[in-house]
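Asker: First the structure, then my questions, so here it is.
Every read-out reported here was derived from the displayed coordinates using simple, explicitly stated rules and does not represent laboratory data. Not measured: the values here are computed from a predicted model. A quick note on method: Cβ atoms are made from the backbone with ideal geometry, for glycine too, and the neighbour counts reach across all protein chains shown.
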Amino acid sequence: MAEKHIDDVTGVETTGHEWDGVRELNNPLPNWWRWIFYACIVWSVGYFVAYPAWPLVSSYTKGMLGYSSRAAVAAEVAMAKESQKVHLDKLKKASLQDIRTEPELLNFALAGGRSAFNVNCSQCHGSGAQGAKGYPNLNDDEWLWGGTLDAIHHTITHGVRNADGEQARDSAMPAFLKDEVLEAAQINDVAEFVLALSGQKGDAAAAERGKAIFAEQCVSCHGENGQGNAEFGAPALNNGIWLYGGDKETLVETISYSRSGVMPAWGKILDPVVVKQLAIYIHSLGGGQ
Amino acid sequence: MNDTGTLPDVEQIDVKAVDHKESGSLYKKREKIHPKRVNGTYRSLKWWIMIVTLGIYYVTPWLRWDRGPGAPDQAVLIDLPGRRFYFFFIEIWPQEVYYLTGMLVMAGLGLFFITSLVGRAWCGYACWQTVWTDLFVYVERWIEGDRAARIRLDKEPMSASKAGKRILKYIVWLLISVATGGAWVFYFADAPSLAIDLVTFNALPVAYITVLVLTFTTFTAGGFMREQICIYMCPWPRIQGAMMDEESAVVTYRGDRGEPRGPHKKGSSWEGRGDCVDCNQCIAACPTGIDIRNGLQLECISCALCIDACDSVMAKVGRPAGLIAYASVAGEERRRRGENAGVRMARPRTLFYFGLWAAVGLFMIWALISRSDLDINVLHDRNPLFVALKDGRIQNGYTFKILNKAREQRIMVLSIEGLPGARLKVVGSSDSGDDATPFFTAEPDRVHSFRLFVSAPGDIVKSDSMPIRFVLSDQGTRARAQYDTVFRGPGK
């Protein structure tokens, strides 16, 4: 094996190996370090017994103290819910108007509504509630089904055109081409009229023709001036806000084949207090009436 | 050198065999130092500084300052849960922590300045390690006696009286340490209430743990580690070397006057010999146990106790004081050449340090004076950037926060500049209406957060980003806070 070699300068034994004339001193570990190391070993044995430690094939050693970090998290969540209970009870009892006018309740409801929105609603309505094609923008002041607190609350609770309940918002726009109510040329004229209604440039002559068809077919739901009707969920056609698009091509498509967006009945999925908070939150987004 | 007498041809060379192991060892076991008591100018100066600094430290948490109902009445308080720092009439919010930064910068620059003038005066007079070690050594001297008595006591075998002295010493040290740890926690909570809580075991665990840790560190550092901290642990000595130059006044042994040294018999002449009588009092008085006659050393903390010791010996043998004195290297040069040694305090280095220190100080004073007690922060919604409304108006959403740093309720009005025809709408504030200037009530010492919507006619919004300014004004005091942000639109 390696020969014993004492270093000249320090008097310390070297490891016995030499690399290109370089040797390494072999000083023993200081005692205090060595004993702390032994203490760590003893500690770890105790730890293996007391706490979750070793993986098994499809499980793990659970430890005698029965600690689990998942259970610890669950306990913390339960504690948080407990501390929120005071406010949640108040919200349960208060009416929507009350919540809106009381700053403390309002702040709590807004925060709860925001987090519930992010979890449940943002997938369709967008992370900032700005919507997308076919999914309404909740920040503006145009509401298909009404923008008062109660209307919003109803829409969230019962949803739109779903099979779940009789209280769901429901309406059916005819598919004028598919159902052969109008011909393509007529649809073109109506589309031109809608362009004119909403202040966009178009064919004035065609719009003139479309006006008559509009008065016959569309006014009953969309209103005389195209101002929309929240009872039927009929959007206003006389402004720049469009759910599917306001260009000629999209308008033709909409009139020809109709639209019927859907929304779940959140009242069946979420806690009533959460739905209340959502209503408060949506109403506060900038367009609430 | 030894005189062998009977063998005149052999010269005995005074040399000590060098033992490999010892000379190569990098480890030197600590020898306990027993500084001897001295009296003199610098000793008195040290006592005064100790009384003042310890006095400030222990007494300050108990000073009171009335701030009105609902506010803490302690003059100096670091309120961590409430996120405030109180210093007499000054109240700092957490985002103003730069005041603390400024103070630390000034402390650093001040240290550089002092060091460039008088060397390691911080180390020798004001450093808490020196002050507490000095205090602990004083207690040790009071209970166990002066240097000679303590050395004897160390060598004695354990006996009832030795044990008794040691235990009494440790008890007094422990009391001082607990008081030190206690004073520290009193800065972080109301002192009278916390004091009662501590003794009735009602205080929070963190308070007890802090007191315990500081007791342990004070006891160990002042009782046992002492100069080991100065020599091995503290980074300041190594930095201060860079702050000193040849004009800095440091503790200097005047070798040209003192050498050649040797014992002096009373009545004999002083001709052909130096003033140093080799009494070694300077070494005995030194808290770090060095010989200043070897010159300025890392271990010398510039406490000047050796000056006092030497001066008193010089007085006894009838020689002038100042064999060891505060002197600068260049000054000594000049003195040896026969010129006036002089003290060059105003030099580029000192003026630079002082200038920087003063500049930071003035800036902080200005910042403090111009500090407003009303602040607003406006965060523009990023998602969506803007919303088109039914009637063609464009609407932007903002979250804005009012920071009311005053201690009374305020009514404030919000207005907007840079957007003609703008309308402001605030969510929830029952005081506000849907008009151009909503108003708010802000509670004292609080941050209020609101959702704000600004809408403008579509034709006003010409580009995709217009600069606007929110102005919040206090109806009562006419205080104003403003915030510049943008109004986003569809753009072209």
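Rundown of residues vs (1) among the acidic types (Asp, Glu); (2) assigned to a helix (DSSP H, G or I); (3) touching a residue at least 12 places away in the same chain (Cβ under 8 Å), yes/no style:
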site: A:209; (1), (2), (3): no, yes, yes
site: A:213; (1), (2), (3): no, yes, yes
site: A:225; (1), (2), (3): no, no, yes
site: A:238; (1), (2), (3): no, no, yes
site: A:241; (1), (2), (3): no, no, yes
site: A:245; (1), (2), (3): no, no, yes
site: A:253; (1), (2), (3): yes, yes, no
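Every residue, every condition in (1) surrounded by 12 or more Cβ atoms within 10 Å (Cβ to Cβ); (2) over 30 Å from residue B:257 (Cβ atoms), yes or no:
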| site | (1), (2) |
| --- | --- |
| B:339 | no, no |
| B:349 | yes, no |
| B:365 | no, yes |
| B:371 | yes, yes |
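Asker: Being in a loop (DSSP other than H, G, I, E, B) and under 43 Å from the mean Cα position of the chain (by Cα) is the filter; apply it to segment B:360-387 and report the residue that is nearest to the other protein chains (Cβ to nearest Cβ). Full working, then the answer.
Answerer: Taking segment B:360-387 first, the residues in a loop (DSSP other than H, G, I, E, B) are B:370-373, B:381-386.
Keeping just the survivors that are under 43 Å from the mean Cα position of the chain (by Cα) gives B:370-373.
Values: B:370: 32, B:371: 28, B:372: 25, B:373: 23 Å.
Only one residue fits best here, namely B:373.
Asker: Further question: Pick out, from segment B:180-246, the helices (runs of 4 or more DSSP H) lying fully within it that include 3 or more residues that are among the polar types (S, T, N, Q).
Answerer: Working: elements: B:191-199, B:205-220, B:236-243.
Correct list: B:205-220.
Asker: Tally up the residues in segment A:10-43 that are over 54 Å from the mean Cα position of the chain (by Cα), among the β-branched types (Val, Ile, Thr) and loosely packed, with under 12 Cβ neighbours inside 10 Å, please.
Answerer: 2
Asker: Which of the residues that make up segment B:446-481 are at positive phi and part of a strand (DSSP E or B)? Explain how you work it out, then say what you get.
Answerer: From segment B:446-481, those at positive phi are B:478; that's our starting set.
Of everything in segment B:446-481, nothing turns out to be at positive phi and part of a strand (DSSP E or B).
Asker: Can you tell me which residues in segment A:105-143 are polar (S, T, N, Q) and within 9 Å of chain B (Cβ to nearest Cβ)? Reasoning before the result, please.
Answerer: Filtering segment A:105-143 for residues polar (S, T, N, Q) gives A:107, A:115, A:118, A:120, A:122-123, A:127, A:130, A:137, A:139.
Listed by number, the residues that qualify are A:107, A:127, A:130, A:137, A:139.
Asker: From the list A:29, A:96, A:56, A:88, which one is within 14 Å of chain B (Cβ to nearest Cβ) and of a type outside the set (Lys, Arg)?
Answerer: A:96
Asker: Could I ask something else about it? Give me the pairs: first residue in segment B:324-352 and assigned to a helix (DSSP H, G or I), second residue aromatic (Phe, Trp, Tyr), beta-carbon distance under 7 Å, and six or more apart or on different chains, which are they?
Answerer: Between residues of segment B:324-352 that are assigned to a helix (DSSP H, G or I) and residues that are aromatic (Phe, Trp, Tyr), the close pairs are B:350/B:113.
Asker: Give just the number: which of (1) within 24 Å of residue A:239 (Cβ to Cβ); (2) among the aliphatic types (A, V, I, L, M); (3) surrounded by 18 or more Cβ atoms within 10 Å (Cβ to Cβ) does residue A:172 not satisfy?
Answerer: (3)
Asker: If you don't mind, there's one more thing I want to ask. For segment B:388-400, which positions are within 13 Å of another protein chain (Cβ to nearest Cβ) and within 54 Å of the chain's Cα centre (by Cα)? Spell out how you get there, then give the answer.
Answerer: Here is the first cut: in segment B:388-400, the residues within 13 Å of another protein chain (Cβ to nearest Cβ) are B:388-399.
Answer for segment B:388-400, where residues must be within 13 Å of another protein chain (Cβ to nearest Cβ) and within 54 Å of the chain's Cα centre (by Cα): B:395, B:396, B:397, B:398, B:399.
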